[in-house]
Amino acid sequence: MAQYQIAVVVGSLRKDSFNRKLAGALEKLFPADFSFIQVRIDDLPLYNQDDDSHPCAQVTRLKGEIAAAQGVLFFTPEYNRSIPGVLKNAIDHASRPYGKSSWNGKPAAIMGASVGPIGTAMAQQHLRNILAYLNMPTLGQPEAFIHNKEGLYDADGNIAEASQKFMQSWVDAYVAWVKRHA
Ligand SMILES: Cc1cc2nc3c(=O)[nH]c(=O)nc-3n(C[C@H](O)[C@H](O)[C@H](O)COP(=O)(O)O)c2cc1C
C-alpha cells in the first residue's frame, strides 16, 4: 500500500510531450510505497482573482489533489527561457485564495526536458523562485537538466542504461527529501 502520494504536474499540454514521457519513465524508478497522481491543468480557466470566492470545479479539484499529496513533482518545458504560461496559471490557481495555498510546505522537485542543450535550466531557475515564495522545500541537488535526445529511452520507453544511474540518484534523493519533510 502506497504511503506517499505524489502530485505530478507536467507543464506541457502537447500530446506527445517529452516532459510527460519523462514523468512516466521516472515514476517507474520509485519504491513501492510511492504512488502518483497526474494533475490535470489543461481544463483550468485563466486565473482571475475575482473568482477566488467561487472557484470552479476544476480549480477545486486541482487544489484538492495538491492538498492530499505528500509531495509535488514538476516536469517543465522551457518556453522562451521561462516556464510555460499554462504551468504558471495552474500554480497561481492553487496558491489562492490568499492564506489558503495548497502548495504550502509540500516537498518539491523539478525536472525538465527540452530539445535544447541547456535542458530547461533557465525555466527551472524561474520555477525555483516561485516555489521558494510558495514555501515549498525544493530539492537542490542533483539538478536535472534533460536534453531530449536519441538514446535517452530504451525500446520500451524506460530510461536507457546510460542515464539510469543518474536518474535513480535523483529519485533516491527526492524519496529521502519527501520522507524528511512529510
Ligand atoms: C513557445 C515555445 C518556446 C520555446 N522556448 C524554448 C526555450 O527557451 N528553450 C528551449 O530549450 N526550448 C524551447 N522551446 C522548445 C521546447 O524545448 C520543445 O518544444 C519541447 O518539446 C517542449 O516540451 P514538451 O515536449 O514537453 O512539450 C520552445 C518551444 C515553444 C513552443
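Quick check, is A90 touching a helix residue (DSSP H, G or I) at 6+ places or on another chain (Cβ under 7 Å), within 16 Å of the ligand (Cβ to nearest atom) and more than 18 Å from G24 (Cα to Cα)? Against the criterion (touching a helix residue (DSSP H, G or I) at 6+ places or on another chain (Cβ under 7 Å), within 16 Å of the ligand (Cβ to nearest atom) and more than 18 Å from G24 (Cα to Cα)), A90 qualifies. Do we find a residue being touching a residue at least 60 places away in the same chain (Cβ under 8 Å), within 16 Å of the ligand (Cβ to nearest atom) and surrounded by 13 or more Cβ atoms within 10 Å (Cβ to Cβ) anywhere in the stretch 52-73? Taking every residue of the stretch 52-73 in turn, at least one turns out to be touching a residue at least 60 places away in the same chain (Cβ under 8 Å), within 16 Å of the ligand (Cβ to nearest atom) and surrounded by 13 or more Cβ atoms within 10 Å (Cβ to Cβ). For S102, work out the one condition from (1) within 16 Å of the ligand (Cβ to nearest atom); (2) part of a loop (DSSP other than H, G, I, E, B); (3) crowded, with 16+ Cβ neighbours inside 10 Å it doesn't fulfil. For S102, the failing item is (1).
Based on this model, can you work out whether R81 counts as surrounded by fewer than 21 Cβ atoms within 10 Å (Cβ to Cβ) and under 12 Å from the mean Cα position of the chain (by Cα)? No. Kindly indicate the residue of the stretch 27-51 that is of a type in the set (A, V, I, L, M, F, W, C) and under 19 Å from the mean Cα position of the chain (by Cα) and also nearest to V178 (Cα to Cα) among those meeting that condition. Only one residue fits best here, namely F34. Starting from residues that are touching a Ser or Thr at 6+ places or on another chain (Cβ under 9 Å) and surrounded by 13 or more Cβ atoms within 10 Å (Cβ to Cβ), keep the ones in the stretch 131-143 and report whichever is nearest to S82 (Cα to Cα). Only one residue fits best here, namely L131. Every condition in (1) in contact with a strand residue (DSSP E or B) (Cβ under 8 Å, 6 or more places away or on another chain); (2) away from the ligand (no atom under 16 Å from the Cβ) is met by A25 except one, and the failing one is (2).
Throughout, read-outs are computed from the coordinates displayed, never taken from laboratory work. Predicted model, so just to flag it, every value in this text is computed and none were measured. Don't worry about glycine lacking a Cβ; one is built from the backbone with ideal geometry, like all the others, and counts go over all protein chains shown.
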